[in-house]
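Chemist: Sharing a structure here in structure tokens format.
Bear in mind these aren't lab numbers, they're just calculated from the coordinates by the rules spelled out. Everything numeric here is computed off the predicted structure, so don't read it as measured data. Glycine gets a Cβ as well: all are built from the backbone with ideal geometry, and neighbour counts include every protein chain shown.
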Amino acid sequence: MDIKKPSESLVIMTELVLPNDTNVFGNLMGGRLMYWMDIAAALSAQKHSNAPVVTASVDNISFENPILLGNVVHIEAKVSRAFTTSMEVHMKVWGEDLKKRIKYKSNEAYYTFVALDENGRPAQVPQLIAESEEEKKLFDSALRRRQIRLILGGKMKPDDAVELKALFVKE
Ligand SMILES: CC(C)(COP(=O)(O)OP(=O)(O)OC[C@H]1O[C@@H](n2cnc3c(N)ncnc32)[C@H](O)[C@@H]1OP(=O)(O)O)[C@@H](O)C(=O)NCCC(=O)NCCS
């Protein structure tokens with residue numbers, strides 16, 4: 001199996017907020033943004049795994065600032081950790097008002113994808129070696145985020161989440 005760097009899965013998506021993308025307040029709809037994020041993150045996971053992927057889970061997303069009609073949306077996605085058949089993709093999202101020359105943060109999010117083989121079964125993915133300090137922090141904390149989502153998804157017992165428990169319980 002290959003070993004890959006996060007930079008190899010980098011995807012940068014740019015979109016323009018048009019009237020059909022907005023809510024009654026003239027701001028980008030959260031659902032439309034999450035759709036674009038799903039595509040950017042899936043492409044990132046496919047670049048890492050060189051296989052078709054499905055979205056296994058989406059972590060909570062807090063929208064910090066509305067993105068306005070006519071503004072630009074920038075989505076940057078990179079695999080932050082690979083497990084056996086699943087990959088966590090970290091995304092940063094900004095809005096930009098080109099006229100006013102302002103770039104503002106919208107949100108950060110984590111989506112998890114599973115690579116599938118030709119029979120539609122989970123397939124092993126290359127491991128990831130983090131390089132920069134930011135990538136190393138994301139890599140280390142990914143284990144705890146994985147435990148939270150597997151507990152919430154009913155796939156892990158809280159007692160088995162050793163690294164997560166260690167945050168709260170001091171022996
Ligand atoms: C995601 C899916 C492939 C998992 O398949 P499964 O048969 O349950 O497989 P497993 O239990 O062996 O898990 C396979 C991997 O998925 C991960 N996984 C399963 N449920 C998960 C969840 N809720 N969150 C994060 N990862 C999850 C497992 O941790 C495992 O990863 P690992 O191999 O790196 O340890 C399957 O549930 C599926 O196809 N779901 C629908 C996907 C889809 O249609 N997405 C679009 C949204 S409608």
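Chemist: Calculate one ³J(HN,Hα) per residue across segment 43-56 by plugging θ = phi - 60° into the Karplus curve 6.51 cos²θ - 1.76 cosθ + 1.60, and present them in order as whole Hz with x for glycine and proline.
Modeler: Values per residue, Gly and Pro as x: 5, 4, 5, 5, 5, 5, 9, 6, 8, x, 10, 10, 6, 8 Hz.
Chemist: About its Cα centre, how strong a charge dipole does the chain have in debye, to the nearest 20, once Lys and Arg get +1 and Asp and Glu get -1 at the Cβ? Please list the in-between numbers first.
Modeler: On the way: 23 positive and 23 negative charges, 52 e Å.
Taking the Cα centre of the chain as origin, the dipole is about 240 debye.
Chemist: Let me have the 222 nm mean residue ellipticity of the chain computed from DSSP H runs of 4+ only, each contributing -39500 (n - 2.57), with the sum over all residues rounded to the nearest 500.
Modeler: Calculated from helices alone, the mean residue ellipticity at 222 nm is -9000 deg cm²/dmol.
Chemist: Work from the charge dipole of the chain (Cβ charges, +1 for Lys and Arg, -1 for Asp and Glu, about the Cα centre) and give the residue of L167, F83, S141 farthest towards its positive end.
Modeler: L167
Chemist: Hey, another quick one. Under a 5 Å amide H to amide H cut-off, with H placed in plane at 1.01 Å, what residues pair with A56 once short-range neighbours are removed?
Modeler: T112, F113, V114
Chemist: Could you tell me which of V114, V72, T55 has its Cα farthest along the dipole of the chain towards the positive end, charges placed at Cβ (Lys, Arg +1; Asp, Glu -1), taken about the Cα centre?
Modeler: Positive-end residue among those listed: V72.
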